[in-house]
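Participant: First the structure, which I've put down as structure tokens, then a few questions once you've had a look.
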Amino acid sequence: MKMLNRIAVATLVWLFSVIAVFALATSGVRKQVTQVKQDIVSVCHEEKINPNIMLAIASRESDFGLTLDGDWKGDGKNGFGVFQIDRRYHKEFLDNNNWQDTRVSARYAIQLMRSNLKQFGNLNEAIAAYNCGPGNVRKAKRNGKHIDHYTTGKNYSTDVLTRARRIANPS
């Protein structure tokens with residue numbers, strides 16, 4: 001009986017230590033996500049744009065950095081940072097800037113979105129182009145396909161707009 005009590009106590013001590021480690025890790029993750037969101041909102045205010053779309057893009061691309069590996073890369077090492085700036089298409093930016101800094105990446109992502117908005121004049125198409133490139137959005141339109149046809153999951157702009165609405169109205 002004493003042996004069972006010692007095993008039970010040891011098990012409880014182990015369980016509580018696991019819970020404590022998890023709580024510490026969770027609070028660290030929360031702080032990271034909070035900081036990433038604050039950085040994005042700050043840059044959006046400096047750039048005089050509503051932050052909801054950019055927050056939604058960062059959410060979709062990397063879950064605010066949570067889905068990235070230890071060196072802040074994703075998509076088979078092609079996507080860099082919370083906005084997943086693709087090295088195959090944005091090499092100059094990645095080679096010459098501190099892309100690990102969320103504020104730097106946010107400014108670049110905003111530039112991309114502004115360029116896409118200027119090309120398309122339509123938010124849905126600009127968001128789709130952020131993911132699959134302007135040429136693929138034009139090709140989808142030309143071939144009578146939905147603008148998300150060439151995006152990841154074939155729902156990128158729709159999903160980002162849904163996320164942006166949830167961010168704006170978190171009820």
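The values are calculated or read from the model by the stated rules, or taken from the named source; none is laboratory data. Quick caveat, the model's predicted, so the values are computed rather than measured. All Cβ positions, glycine included, derive from the backbone under ideal geometry; neighbour counts span all protein chains shown. All accessible areas refer to the heavy atoms of the entire protein, side chains included, with ligands and DNA or RNA removed. Shrake-Rupley method; radii C 1.70, N 1.55, O 1.52, S 1.80 Å.
Participant: Could you order the peptides 127-133, 65-71, 161-167 from most to least packed, using the average number of other C-beta atoms within 10 Å per residue? Could you put the intermediate results ahead of the total?
Facilitator: Values: 127-133: 24.0, 65-71: 12.1, 161-167: 15.9.
My ranking of the peptides, most packed first, is 127-133, 161-167, 65-71.
Participant: How would you rank 79-89, 33-43, highest first, on the average number of other Cβ atoms within 10 Å across their residues? Write down the numbers at each step before the final one.
Facilitator: On the way: 79-89: 20.5, 33-43: 17.2.
Going from most to least packed, we get 79-89, 33-43.
Participant: Ignoring ligands, DNA and RNA, what accessible area per residue does the stretch 98-171 give at 1.4 Å, in Å²?
Facilitator: Numbers: 4060 Å² over 74 residues.
Using a 1.4 Å probe on heavy atoms only, each residue of the stretch 98-171 averages 55 Å².
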